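Visitor: Sharing a structure here in structure tokens format.
Computed from the coordinates by the stated procedures, all read-outs in this text should not be read as laboratory data. The shown structure was predicted, so the numbers you read here are calculated from the model rather than taken from an experiment. Please note: Cβ atoms are built from the backbone with ideal geometry, for glycine as well, and neighbour counts cover all protein chains shown.
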Amino acid sequence: MTYSSVKKVIRSAETHPLTWRLRDDRQPVWLTEYRLTNGYESVKHVLQHTTPDEVVKLIKDSGLKGRGGAGFSTGLKWSLMPKNENIKVRYFLCNADEMEPGTYKDRLLMEKLPHLLVEGMIIGAYALKACRGYIFLRNDYVEAEKNLRRAIKEAKDEALLGKNILGSGFDFELLIHISAGRYICGEETALINSLEGRRANPRAKPPFPATSGAWGKPTCVNNVETICNVPAILEHGERWYINLSAGKSKDAGTKLMGFSGRVKHPGLWELPFGTTAREVLEDYAGGMRDGLVLKAWQPGGAGTAFLMNDHLDFPMDFESISKAGSRLGTALSMAVDNEINMVSLVRNLETFFSRESCGWCTPCRDGLPWSVKILQALEKGEGQPGDIEILEKICHFLGPGKAFCAHAPGAIEPLQSAMRYFRKEFESGISSKDLRNIVQIAGIQPNLMK
């Protein structure tokens, strides 16, 4: 497939609720233009004609799921906030940290459509009865910060933020908090700790943030893409949103999907759930570059298990990719070509995850650096007999339920799957068969915490 044959995306408000307002010149959409395209109409309608509980029910009925990777029902999460009307201080937090390698979808929305996020935050805050919101923003996103600050100021000047929004009696203040620049801040309780000025360690749950979150008050945390879906759902209704992917997937709506790596046209597209990975790779990304062959791919970020060519025809949705043996994650896929050594690739990923561990629990703090040390030896051809078996044990001890949070289980997914599909590449890093016999006779445990 040549670049010229890449499928062109025709965006409209009826089919692409997230991206239809994007400008061809790639400039941001500011308030005047945003309002000319029905911007903030959902806010007006909600504040004048809808109760908070009705908004929560609508979002729940729409089937909107979290777009940060977990895929939890957004409406259900909102419904967990306390019903007690006497609780006046509540917080609505936007996770805009986006620190996972290969993930770049939220950046597009914040840089080019900042008012879409602001509008979604206002509606979400109204539904949650939150008085204050924070956009917890990755520290490297300088342009996104600049554009969001301008959008917030424009909204304030038009009485869309602050006291008594549009004369409704609803007050909401929206602030930006710049992240400390750590991957672990993407975990919602670590994010809350960082927001409070504490070390970014995940918290024990329960209590959950809906009960005791930021500064001990009820708190809800959602991802940027999740929040940006809210205005369109309020405008068009839950049936319209469900029908966007009808016949393709059980998951409702559209998803920002992409392919990076050595493909002809790496990029990001808004597509309905259920679009196959092959369609995204071949029809939108243009396929692999000339002379290269797809060796493996990750469906949704650095912390998802590798899949093979046989899995390309699986629909890109939460259930299907799980059945294939991985996770949808962010749905931003990475293509691995035939020239890439899997040991080197995994060593690079594990180095990142090891560095980004908060150090709170032993399996993650010690297990990830241990895996990096062994992978470095295998990469240089200096691995010792038993190293691969030790890596397998590390994967077991860092699996789900073995560590304090989801960082370690996600970190070992690419390692575990790479060893399953490409074991010979790992075995080729063992230095000598003769050494195997010596080690077995002596009973030495190789590479144990050198």
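Visitor: Helix-only estimate, please: 222 nm mean residue ellipticity of the chain, summing -39500 (n - 2.57) across DSSP H runs of length 4 or more and dividing by its residues, to the nearest 500.
Guide: Working: 17 runs with 179 residues, N = 450.
-12000 deg cm²/dmol, from helical runs alone.
Visitor: Let me ask something else about it. Arrange Phe92, Phe172 by Cβ neighbour counts within 10 Å, fewest through most, would you? Please report the intermediate quantities before stating the final value.
Guide: Details: Phe92 29, Phe172 21.
In increasing order of surrounding Cβ atoms, one gets Phe172, Phe92.
Visitor: Order by neighbour count: Met257, Met334, fewest other Cβ atoms within 10 Å first, most last. Please report the intermediate quantities before stating the final value.
Guide: Working: Met257 27, Met334 24.
Ranking Met257, Met334 by Cβ neighbours within 10 Å, fewest first, gives Met334, Met257.
Visitor: Follow-up. Per 0.36 nm of contour for each residue apart, how much would the distance between Gln48 and Phe72 grow if the chain were fully extended, relative to their Cα-Cα spacing?
Guide: Roughly 5.7 nm would be gained on extension.
Visitor: In debye, nearest 20, what is the charge dipole magnitude of segment 244-337 about its Cα centre with +1 on Lys and Arg Cβ and -1 on Asp and Glu Cβ, if you could check? Numbers along the way, then the final one.
Guide: Details: 10 positive and 11 negative charges, 36 e Å.
Around 180 debye, computed over segment 244-337.
Visitor: Taking a virtual spin label 7 Å from the Cα of Lys83 along the C-beta vector, which residues in segment 41-74 bring their backbone nitrogen under 12 Å of it?
Guide: Answer for segment 41-74: 53.
Visitor: Got a sec to turn the phi values of segment 103-108 into Karplus ³J(HN,Hα) couplings, 6.51 cos²θ - 1.76 cosθ + 1.60 with θ = phi - 60°, whole Hz, x for Gly and Pro?
Guide: For segment 103-108, the Karplus-derived couplings read 10, 8, 6, 5, 4, 4 Hz, x marking Gly and Pro.
Visitor: Cα to Cα, under 17 Å, and not fewer than 8 places away if on the same chain: which aspartates and glutamates meet these conditions relative to Lys402?
Guide: Within the straight-line cut-off, Lys402 pairs with Glu187, Asp366, Glu392, Glu413.
Visitor: Still on this structure, I have one more. Order by neighbour count: Cys131, Cys185, fewest other Cβ atoms within 10 Å first, most last.
Guide: Cys131, Cys185
Visitor: Let me ask something else. Throw me the Rg/Rh for the chain, computed over C-alpha atoms with Kirkwood Rh, two decimals. Working shown, then result.
Guide: Numbers: Rg = 23.2 Å, Rh = 23.1 Å.
That ratio equals 1.00.
Visitor: Just subtract the alpha-carbon distance of Arg199 and Asp171 from 0.36 nm times their residue separation and send over the number in nm, one decimal. Let's see the in-between values first.
Guide: Values: separation 28, 0.36 × 28 = 10.08 nm, distance 3.05 nm.
My answer for the length gained is 7.0 nm.
Visitor: Less than 23 Å apart at the alpha-carbon level, and either on another chain or at least 8 residues along: which lysines does that give for Lys44?
Guide: Lys57, Lys60, Lys88, Lys112, Lys129, Lys153, Lys156, Lys163
Visitor: A follow-up question, please. For segment 57-124 and segment 237-296, compute the distance between their C-alpha centroids and round to whole Å.
Guide: Going from one Cα centre to the other spans 22 Å.
Visitor: By the gyration tensor of its Cα atoms, with a ≥ b ≥ c the square roots of the eigenvalues, what is the shape of segment 342-442: rounded for a/c under 1.5, prolate for a/b over b/c, or oblate? Mind showing how you got there, number by number?
Guide: Values: a/c = 2.11, a/b = 1.75, b/c = 1.21.
Prolate is the answer for segment 342-442, as a/c is 1.5 or above and a/b outweighs b/c.
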